[in-house]
Amino acid sequence: MRQLQALGIPVYRSEPRRLADIAGNLRDIGLLSGHPAAGERAAARFERALLESRQQLTPAPRVFYQLGQAPLTTLAGGQIVTRVIQHCGGEPLFADAPVLVPEIGWEALLLARPQVIVAAAKDDAWQAFWAGHEALPAVASGTLYSLDPDAVSRPGPRLAQAHARCARIWPTPPRGWHPPAPVKGRVSRRHAQSSL
């Protein structure tokens, strides 16, 4: 990017961290490409789709986003996937981790008691990894869901599809259920390799 700028070539950098940033990017790209009206329409469609699937659940279902299996990793707060989970009424587990891609120990996951586990995958083969871990509420209840990796892993207009799916799959907490008190589990400070 610096080399392009040094050559005098204009560079537009896009790194959305909030859902609203995506709509802003669509407007910017429309403007930069000479199609501001198309950019505005695309942004408006995206914003409308987010509004239609936004929800608040009380208590919020505790959601573990599985990024990797070996080691077991997730995404911390401030990432677009974490914001999708929050916007749909879920509570993303380990959002307060001090690193971008925290490695999660089994003890920490047991203490966190996820009610839902989601992963970006083309099929459900990844779910076999959780067999035998029925001590986790999500595994015991079978609330493990695949999200289209093209929709959830790229911060573009298709993220609205992942958002709508999350809003549909969160379970309604049973009457009388209360989330456990927050527990500081063992989360490694070591960064895992990630293409994000």
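Structure data summary
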| quantity | calculated |
| --- | --- |
| Mean-position separation - Cα centroids, segment 39-55 and segment 114-167, in angstrom | 23 Å |
| Of all accessible heavy-atom area on the chain, the percent that carbon and sulfur account for (1.4 Å) | 53 percent |
| Given (i) 17.6, 66; (ii) 16.7, 49; (iii) 18.5, 64, the label whose value is Rg and Dmax of the Cα atoms in Å derived from this model | (iii) |
| Amide H contacts under 5 Å for TYR145, placed H, 5+ residues apart | ILE117, VAL118, ALA119 |
| Mean Kyte hydropathy of -0.5 or more with a Cα span along the axis of at least 15 Å, helices from DSSP in the chain | 19-32, 36-53, 159-169 |
| Dipole magnitude (debye, nearest 20) for segment 70-155, charges at Cβ of Lys, Arg, Asp, Glu | 160 debye |
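The values are calculated or read from the model by the stated rules, or taken from the named source; none is laboratory data. Here the structure is a predicted model, which means the values were calculated and not measured. Ideal geometry is used to build each Cβ from the backbone, glycine not excepted, and the neighbour counts take in all protein chains shown. To get the accessible areas, we keep the full protein, side chains included, count just its heavy atoms, and leave off ligands, DNA and RNA. Shrake-Rupley method; radii C 1.70, N 1.55, O 1.52, S 1.80 Å.
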